[in-house]
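A.B. asks: Supplied in structure tokens, the structure appears directly below.
The values are calculated or read from the model by the stated rules, or taken from the named source; none is laboratory data. Everything numeric in this text was worked out from a predicted model, so none of it was measured. No Cβ is skipped: glycine too gets one built from the backbone with ideal geometry, and neighbour counts run over all protein chains shown. These area figures cover heavy atoms from the full protein model, side chains too; ligands, DNA and RNA do not enter into them. Shrake-Rupley method; radii C 1.70, N 1.55, O 1.52, S 1.80 Å.
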Amino acid sequence: MNEVPLVEVRDLTKDYAEGENVARVLKGVQLTVAQGELVALLGPSGSGKSTLLNILGTLMRPTSGSVRVLGQSLVGAEDLVLTEFRNRHIGFVFQAHLLLPDFTALENVMFPAAARHGRERHTDRARASELLDRVGLSDRRDYLASQLSGGQKQRVAVARSLMNAPELVLADEPTGNLDRESADRVMQLLIDINSSDGTGFLISTHDENIAARCQRQIYMADGRIADDRR
Amino acid sequence: MLYSIKIATRYLTATRGQSLLLVVGVAVGVYVFVFMSALIGGLAVLLIDRTVGSIAHVIVEPPDRNPVLLQEVPGALLAVLKSSQQRPTLQSAAAYLPVIEATPHVSVVVGKLLGNGFMVKGEAVAPVQITGIEDKDISAIADIDSSLVAGSSELMLGTAVIGSGLAESLGVGVGQSLVIRSERNVEQSITIGGIFELGLAAIDEAAVYLNIRAARVLLALPEGLSRYEVKLDDLQQARSVAEDLRARTGLKATAWQDQNAQLLEGLTAQARSGDLIKGFALVTIIIGIASALLLSTYRRQSEIGIMRAMGASRGFVVTVFVIQGAIVGLAGGVLGAGLGFLSLLPFPPPEMTSGGGLPVDYRQGAYGAAIALTLAGAIAASIWPAYTASRIDPVKAIGP
């Protein structure tokens, strides 16, 4: 079966201009991820992991090369097209959870759907409740984000990333700010979702133990993919 | 849109203190706007009431007698010249009365005989303007009854009601007799029946009201009238009524605005000054809202970045901030206009002010305009911050 790859990156480069100097952060990345894969992205700070995730997440434009997610080319597309694509097909989990502090856990989870439809639909509310239940936070649904612990916030962020049932979730150091117990719990959650829903994950991490629990480990160094293990 | 309203409302209620301060600031600006509207409008009502209240809104007179060209003669002009000897009068005045009375907006019509003359008391002589009028009509145009300072306004044959300035210059009081001599050199002996003071020097220092039958003898005008004076139910309609009357009667009809150009100029200048102050109030509101929302965009940069990362479009972000501006504008507008109305309500209308009081007119607070302009201004003020917010780079806003 010739399934469209989840992610297909060819000759990807990204330059950052700092005054008169130009720093090349990605230096010709080649990468293919199949749908439903659970991939760990490892590498030292400055190796280009976050930049790669930002480009795959359509939050940043590459300098050159091609990027396809679910077969759709994301290079040169209009901002509105990228925004809609991101909303429908990509979920994010950030290291600092990044919830909206003045909103409840349920409202945070619902946000991607409400932003898409322009209102909070009953069906979206029900799905958000179900997702909170799934991450073990049904009793915290009406708590403001600012009233939750770090681990709870990150689980809300995971639930939010799944709200629009995306095919790809990009997780940038999702356990970086958590204690071991919370980190394990969040990681197990991602593994469970991957196996039950078939959602593809690209998880950036420094933690070899976390990476070992993924199906595939990609090592980045100096803006390139240095190793790719299954 | 519904969701944008929810987010905007949440942002405003999340920082209650700041939002309240912002709304109060807008309300103060709107209050100034409303107060200035009521003050400028009230001043205009007062001035018009004090000035136009004592004069006719439209004067209907015989048409001007311009020179008439008789015959075209090459190299010469043959014309009948305008007579300066014959006084223009409405000879068949009674025929015009029903036409004038039937004209829309006309509420009162008074026929008058006018002429000039002198009043003599011993060695004192004063030039006077003689008005012959039916006894019942004496207060129909200028409210002589309410302006009496001595005697009564009853116009019997042989009595006169005169202005206070004239009485003072001649040194006469009620009950005293004196001689009045018209421009036709007819003399009568009259008794002062009443003295009034309208507060308008031109009238108080020269006006003499006589019974119309006595005036006919004195002015040697046995029939007809000098003019009709008309009062309207809406004095702002004077120009259109004058035009209507010209068309209906063929007579000369002049609106009060055309006889009081200086008053109109003054009122216009006053209105412009008021508009300028209201404009400044509006600009202050706009700057206040714009700066507050701009601060809000900087403070909420990271949240805007999160929303954008979650798939909120730039249009969504713009809407959230514009709605915040609109809510602040609407709330401040309604609060300021409401407070303005409540604080202006105890003031009596300027026409009822007995002098010395602040002539604010709560009916002219322009509350609707204040709210609408503030809302429009607030929306305009929020566009720049909203645009700035929508251009925030999610990667930079979220940070490493």
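A.B. asks: Taking the options B:174, B:161, name whichever one is under 12 Å from residue B:196 (Cβ atoms), assigned to a loop (DSSP other than H, G, I, E, B), β-branched (Val, Ile, Thr) and modelled with pLDDT of 90 or more.
C.D. replies: Values: B:161 fails: assigned to a loop (DSSP other than H, G, I, E, B).
Answer to the check: B:174.
A.B. asks: Give the number of residues within segment A:80-114 that are of a type in the set (S, T, N, Q), more than 8 Å from chain B (Cβ to nearest Cβ) and under 21 Å from residue A:125 (Cβ atoms).
C.D. replies: Step one: list which residues in segment A:80-114 are of a type in the set (S, T, N, Q), which gives A:83, A:87, A:95, A:104, A:108.
If we keep only those that are more than 8 Å from chain B (Cβ to nearest Cβ) too, we end up with A:95, A:104, A:108.
When the remaining residues are screened for being under 21 Å from residue A:125 (Cβ atoms), the result is A:104, A:108.
Going through segment A:80-114 one residue at a time, the tally reaches 2.
A.B. asks: Mind listing whichever residues of segment B:299-325 are open to solvent by 10 Å² or more (accessible area, probe 1.4 Å) and under 48 Å from the mean Cα position of the chain (by Cα)?
C.D. replies: Selection gives B:315, B:316, B:318, B:319, B:322, B:323.
A.B. asks: Go through the residues of segment B:311-321 one by one and say whether even a single one is touching a Leu at 6+ places or on another chain (Cβ under 9 Å), within 14 Å of chain A (Cβ to nearest Cβ) and in a loop (DSSP other than H, G, I, E, B). Give the derivation first.
C.D. replies: To start, the set of residues in segment B:311-321 that are touching a Leu at 6+ places or on another chain (Cβ under 9 Å) comprises B:313-315, B:321.
Next cut, within 14 Å of chain A (Cβ to nearest Cβ) only: B:313-315.
If we keep only those that are in a loop (DSSP other than H, G, I, E, B) as well, we get B:313.
Within segment B:311-321, one or more residues are touching a Leu at 6+ places or on another chain (Cβ under 9 Å), within 14 Å of chain A (Cβ to nearest Cβ) and in a loop (DSSP other than H, G, I, E, B).
A.B. asks: Hey, can you tell me all the residues within segment A:38-51 that are part of a strand (DSSP E or B) and over 14 Å from residue A:225 (Cβ atoms)?
C.D. replies: We begin by selecting, within segment A:38-51, every residue part of a strand (DSSP E or B); these are A:38-42.
Matches in segment A:38-51: A:38 only.
A.B. asks: Residue under question is residue B:344, and the condition is that it be in the same structural domain as residue B:18 (by TED's automatic domain parsing), within 27 Å of residue B:28 (Cα to Cα) and open to solvent by 60 Å² or more (accessible area, probe 1.4 Å); does it hold? Show your work before the answer.
C.D. replies: Working: in the same structural domain as residue B:18 (by TED's automatic domain parsing): yes; within 27 Å of residue B:28 (Cα to Cα): yes; open to solvent by 60 Å² or more (accessible area, probe 1.4 Å): no.
It is false that residue B:344 is in the same structural domain as residue B:18 (by TED's automatic domain parsing), within 27 Å of residue B:28 (Cα to Cα) and open to solvent by 60 Å² or more (accessible area, probe 1.4 Å).
A.B. asks: Confirm whether residue B:362 is assigned by TED's automatic domain parsing to the domain that holds residue B:308, closer than 30 Å to residue B:198 by Cβ, out of contact with any strand residue (DSSP E or B) (no Cβ under 8 Å at 6 or more places or on another chain) and open to solvent by 30 Å² or more (accessible area, probe 1.4 Å). Give the derivation first.
C.D. replies: On the way: assigned by TED's automatic domain parsing to the domain that holds residue B:308: yes; closer than 30 Å to residue B:198 by Cβ: yes; out of contact with any strand residue (DSSP E or B) (no Cβ under 8 Å at 6 or more places or on another chain): yes; open to solvent by 30 Å² or more (accessible area, probe 1.4 Å): yes.
Yes, satisfied.
A.B. asks: Which condition number in (1) open to solvent by 40 Å² or more (accessible area, probe 1.4 Å); (2) closer than 25 Å to residue A:45 by Cβ; (3) part of a loop (DSSP other than H, G, I, E, B) is the one that residue A:226 fails?
C.D. replies: With respect to (1) open to solvent by 40 Å² or more (accessible area, probe 1.4 Å); (2) closer than 25 Å to residue A:45 by Cβ; (3) part of a loop (DSSP other than H, G, I, E, B), residue A:226 is out only on (3).
A.B. asks: For segment B:81-96, does any single residue satisfy the condition of being more than 30 Å from residue B:134 (Cβ to Cβ), modelled with pLDDT under 80 and not acidic (Asp, Glu)? It would help to see each step written out before you state the result.
C.D. replies: Of all residues in segment B:81-96, those more than 30 Å from residue B:134 (Cβ to Cβ) come to B:81-82.
The next check asks that each one be modelled with pLDDT under 80; those that pass are B:81-82.
If we keep only those that are not acidic (Asp, Glu) as well, we get B:81-82.
Yes - at least one qualifying residue is present in segment B:81-96.
A.B. asks: Ok, one more. Which residue out of B:238, B:201, B:214, B:242 is of a type in the set (A, V, I, L, M) and open to solvent by 30 Å² or more (accessible area, probe 1.4 Å)?
C.D. replies: Details: B:238 fails: open to solvent by 30 Å² or more (accessible area, probe 1.4 Å); B:214 fails: open to solvent by 30 Å² or more (accessible area, probe 1.4 Å); B:242 fails: open to solvent by 30 Å² or more (accessible area, probe 1.4 Å).
Every option except B:201 fails the conditions.
A.B. asks: Suppose we filter segment B:148-195 for residues that are under 23 Å from residue B:108 (Cα atoms) and open to solvent by 20 Å² or more (accessible area, probe 1.4 Å); how many remain?
C.D. replies: The qualifying residues number 4.
A.B. asks: If you don't mind, there's one more thing I want to ask. So, of the residues in segment B:357-400 that are among the aromatic types (Phe, Trp, Tyr) and closer than 26 Å to residue B:35 by Cα, which turns out to be farthest from the other protein chains (Cβ to nearest Cβ)? Let's see the steps before the verdict.
C.D. replies: Taking segment B:357-400 as the starting set, the residues that turn out to be among the aromatic types (Phe, Trp, Tyr) are B:362, B:367, B:384, B:387.
Going one step further and asking which of them are closer than 26 Å to residue B:35 by Cα, we end up with B:362, B:367.
On the way: B:362: 41, B:367: 33 Å.
Selected residue: B:362.
A.B. asks: Next question, about the same structure. Within segment A:43-79, restricting attention to residues that are among the aliphatic types (A, V, I, L, M) and within 13 Å of chain B (Cβ to nearest Cβ), which residue is surrounded by the fewest Cβ atoms within 10 Å (Cβ to Cβ)?
C.D. replies: Here is the first cut: in segment A:43-79, the ones among the aliphatic types (A, V, I, L, M) are A:52-53, A:55-56, A:59-60, A:67, A:69-70, A:74-75, A:77.
Next cut, within 13 Å of chain B (Cβ to nearest Cβ) only: A:52-53, A:55-56, A:59-60.
On the way: A:52: 31, A:53: 21, A:55: 24, A:56: 23, A:59: 22, A:60: 17.
Ranking the qualifying residues of segment A:43-79, first place goes to A:60.
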